[in-house]
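Undergrad: Shown below is the structure under consideration.
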Amino acid sequence: MNKQKTLVPWFQRGDIGGMTYSIMNNVVNYLIVIATLSGVLKWPDRIVYGNVIPGMSLGLMFGGIYYAWMGRRLSKKEGRADVTALPSGVSTPAMFVMLYGVIMPLHYALDDPELTWSAAVAACFIGGLVEFLGGFIGPWMKKNLPRAALLGTVAGIGFIWMATQGVFDVYSDPVVGLPILFIALTGVFGGYLFPKKIPPLVVAIVGGIIYALCLGRTNVDFSGVGFYVPNPVGGIQHLINGMAVVAPYLTIIIPVNIYNFIETMDNVEGANAAGDDYSVREAQFADGICTMLSAILGGVIPNTVWLGHAGLKKSQAGIGYSLVSGIVLGLAGIFGLFTFLNNMVPAAVCAVTFLWCAVVMVAQAFKECPLKHYAAIGIAMVPPVADYLYSQITGAVGLAGYTTEVLADGTSGYNAEVTKMITDAGVMWRGVPGVKAGAVITGILLGTITVYIIEKQLVKVGVICLVGCLLSAFGFIHSAQLGFQPDSPFAIGYLIVAVLAFLLHLGRNTWFKGPDDFEYV
């Protein structure tokens, strides 16, 4: 009887704040997805609102309900009522990589929204499978991959795609954007609170919507509200159709989902440190299964466990916020409520959110790594820039009628004549196609090499370069497509560096010495 009294309740007052955190941040991510697919890529509403959004919503609903049940089970097991459910939702870093690194290139290459969506569904499903497998291999990956390499690469993605777009969107309409940005930043970076401990970010989002409506920048339109139920049979067919198309993008999909399951691992470990002893492996299995179900139902973005467990626990959130948030988001997707939200919310509201997330990602990369590894973070941040430059340059040059092709070195770029025209105009292009292909893996490789150089472990540098050689030879990086290419100049380059690293390692105690107390800054 006493044990029953100590169970965490299904809903309590602290869950209100948790719902605000979960629902508002997920809604903003939804709006970014809608703005990209509908606004930039011009996908038809039947795909975006009829398939993608309901599929995402049901995936998040499954996750929210499961994590609430996990919390209830933990409460029963430990006989205490102060258990907080794991926060979960759309993975923001993975969202941007999927949108801009996978879906956008596929869209322009295929020129067929239906086929592109099928490929995106397949990419999402593969991502869920990778995250599920992370439950088995995650601990080994975390132990053997330098955090500077992984976090630095993700920070580069966040900075170049999220932070820049955030600032640009704010200044695209400064009368709306700048006030919203100011209010939001006072909370997320200044720590200020309004009366009743209301976060300025919530005020910026809600107030920004009202402000934009008053200025006539946005409008309320319920015409898209309806009933959208995904068809799992059709989803499986799209999944099968998309698998062949998405194969060349595995070099992007796999690394970002490796990051995703390590993000889940770190955040569950953070929850454990806050006092709730959840299974890391179970959470990774749950994220992977929910992502795969979401993909079958039409979703294109993976799930993950979020940051913020400690803060939610401090605010006395329990398990109800996860349960209610999941159900609310699921119903909102099924009934098409995001159609009117998309018309009502100004771009600046989305902009301040992903600007904040991007800056936090960059700051976290430096905060979580040793000071001497900062160089590795900086180097790992660079390859994702190639993705950004490639999309911007090919988009602009494409207006003049020039198209890319597979070059002799295996990359996708322009012939010598067009390349000369671009570089003669002072445009940064040379080397961009080579770095763009598999940029996430390249960032991890460069960051890892730098860490091992700093740590005076040149033999490990050699091993990593052999890995880079193999990845290049089989087209996983620096190539427009998979396939065995033993004469790839990139593979040869990595092989030469591997040999040099092994030779220098042999002379480490005689003719090639590195002081342990060396500081490069």
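The values are calculated or read from the model by the stated rules, or taken from the named source; none is laboratory data. Since we're looking at a predicted model, the values are computed, not measured. We place every Cβ from the backbone using ideal geometry, glycine too, and count neighbours over all the protein chains shown. Calculation scope for accessible area: heavy atoms of the full protein, side chains included, ligands and nucleic acids excluded. Shrake-Rupley method; radii C 1.70, N 1.55, O 1.52, S 1.80 Å.
Undergrad: What percent does the relative contact order of the chain come to when contacts are Cα pairs within less than 8 Å and at least six residues apart?
TA: With pairs under 8 Å counted, the relative contact order is 26 percent.
Undergrad: Restricting to DSSP loop positions (anything but H, G, I, E, B) with no more than 11 other Cβ atoms inside 10 Å of their own Cβ, which chymotrypsin sites (Phe, Trp or Tyr not before Pro) remain in segment 427-498? Let's see the in-between values first.
TA: Details: sites: 429, 452, 474, 476, 484, 490, 494; in loops: 429, 474, 476, 484.
For chymotrypsin sites (Phe, Trp or Tyr not before Pro) across segment 427-498 that sit outside H, G, I, E and B with at most 11 neighbouring Cβ atoms in 10 Å, the list reads 484.
Undergrad: Rounded, prolate or oblate: which one fits segment 211-354, using the alpha carbon gyration tensor with axes a ≥ b ≥ c (rounded when a/c is under 1.5, else prolate when a/b beats b/c, else oblate)?
TA: Judged from the Cα gyration tensor, segment 211-354 comes out oblate (a/c at least 1.5, b/c at or above a/b).
Undergrad: Under 25 Å Cα-Cα from residue 372, which lysines qualify once same-chain neighbours fewer than 8 residues away are excluded?
TA: Hits, sequence-local ones excluded: 142, 143, 456, 460, 513.
Undergrad: In segment 424-450, whose amide N lies under 18 Å from the spot 7 Å out along Cα-to-Cβ of residue 247? List them in ranges.
TA: Within reach of a label on residue 247, which here means backbone N under 18 Å from a point 7 Å along Cα→Cβ, segment 424-450 contributes 438.
Undergrad: Where does the chain land at 222 nm, in deg cm²/dmol rounded to the nearest 500, when only DSSP H runs of n ≥ 4 count, each adding -39500 (n - 2.57), divided by all residues?
TA: That calculation yields -21000 deg cm²/dmol at 222 nm.
Undergrad: Among 437, 321, 115, pick out the residue whose Cα is farthest towards the positive end of the charge dipole of the chain, where Lys and Arg carry +1 and Asp and Glu carry -1 on C-beta, about the Cα centre.
TA: It is 321, whose Cα lies furthest towards the positive end.
Undergrad: Using only Cα atoms and rounding to the nearest 10 degrees, what angle (0 to 90) does helix 347-367 make with the longest principal axis of the chain?
TA: In the chain, helix 347-367 runs at an angle near 60 degrees to the longest axis.
Undergrad: Of the labelled options [x] 23.2; [y] 24.1; [z] 24.9, which one gives Kirkwood radius over Cα pairs in Å as computed for this structure?
TA: Working out Kirkwood radius over Cα pairs in Å from the coordinates points to [y].
Undergrad: Quick check for you: with a 1.4 Å probe and neighbouring chains kept, what is the accessible area per residue of the chain, in Å²?
TA: Counting only protein heavy atoms, the per-residue value for the chain is 44 Å².
Undergrad: Can I ask one more? Using a 10 Å cut-off on Cβ atoms, rank the peptides 412-418, 317-323, 177-183 from the highest mean neighbour count down.
TA: Highest to lowest by the protection proxy: 317-323, 177-183, 412-418.
Undergrad: Take the solvent-accessible surface of the protein heavy atoms, probe 1.4 Å, and return the percent of it on the chain that carbon and sulfur atoms account for.
TA: 68 percent
Undergrad: How do the peptides 101-113, 377-389 rank, highest first, by the average count of neighbouring beta carbon atoms within 10 Å per residue? Provide the component values of the computation, followed by the final result.
TA: Working: 101-113: 18.9, 377-389: 22.8.
The most tightly packed comes first, giving 377-389, 101-113.
Undergrad: Note the angle between two axes, namely the Cα long axis of helix 458-473 and the longest principal axis of the Cα atoms of the chain, as a number of degrees from 0 to 90, rounded to the nearest 10.
TA: It works out to around 80 degrees.
Undergrad: Starting from the Cα gyration tensor of segment 127-280, take the square roots of the eigenvalues, sort them a ≥ b ≥ c, and report rounded, prolate or oblate (rounded when a/c is under 1.5, otherwise prolate if a/b is larger than b/c, else oblate).
TA: Cα axes put segment 127-280 in the oblate bin.
Undergrad: State to the nearest 20 debye the size of the charge dipole of segment 318-463 about its Cα centre, where the only charges are +1 on K and R beta carbons and -1 on D and E beta carbons.
TA: On the way: 7 positive and 7 negative charges, 82 e Å.
So the magnitude is around 400 debye.
Undergrad: Now, a different point. Could you work out how far the C-alpha centroid of segment 108-128 sits from that of segment 140-168, in angstrom?
TA: So the two Cα centres are separated by 23 Å.
Undergrad: Can you tell me how segment 9-140 classifies by the Cα gyration tensor, rounded, prolate or oblate, using a/c under 1.5 as the rounded cut? Don't skip to the answer; put the middle values down first.
TA: On the way: a/c = 2.92, a/b = 1.82, b/c = 1.60.
It is prolate, given that a/c is not under 1.5 and a/b is the larger ratio.
Undergrad: Would you mind putting 18-24, 209-215 in packing order, based on average other-beta-carbon counts within 10 Å, highest first?
TA: Result, highest mean Cβ count within 10 Å first: 18-24, 209-215.
Undergrad: Round to the nearest 10 and give me the degree value, 0 to 90, for the angle of helix 113-144's Cα axis relative to the longest principal axis of the chain.
TA: Helix 113-144 and the main axis of the chain meet at about 80 degrees.
Undergrad: Rounded to the nearest 20 Debye, what is the dipole magnitude of segment 402-521 about its Cα centre when Lys and Arg each give +1 and Asp and Glu each give -1 at the C-beta?
TA: I would put it at about 200 debye.
Undergrad: For residue 164 and residue 192, calculate 0.36 nm times their separation in residues minus their Cα-Cα distance, and state this gained length in nm to one decimal.
TA: The span from residue 164 to residue 192 would gain 7.6 nm if fully extended.
Undergrad: Could you work out how far the C-alpha centroid of segment 414-477 sits from that of segment 179-237, in angstrom?
TA: 39 Å
Undergrad: Where the only charges are on Cβ atoms (+1 Lys, Arg; -1 Asp, Glu), what is the dipole of the chain about its Cα centre, to the nearest 20 debye? Walk me through the intermediate numbers first.
TA: Values: 28 positive and 29 negative charges, 308 e Å.
With only Lys, Arg, Asp and Glu charged at Cβ, the dipole is about 1480 debye.
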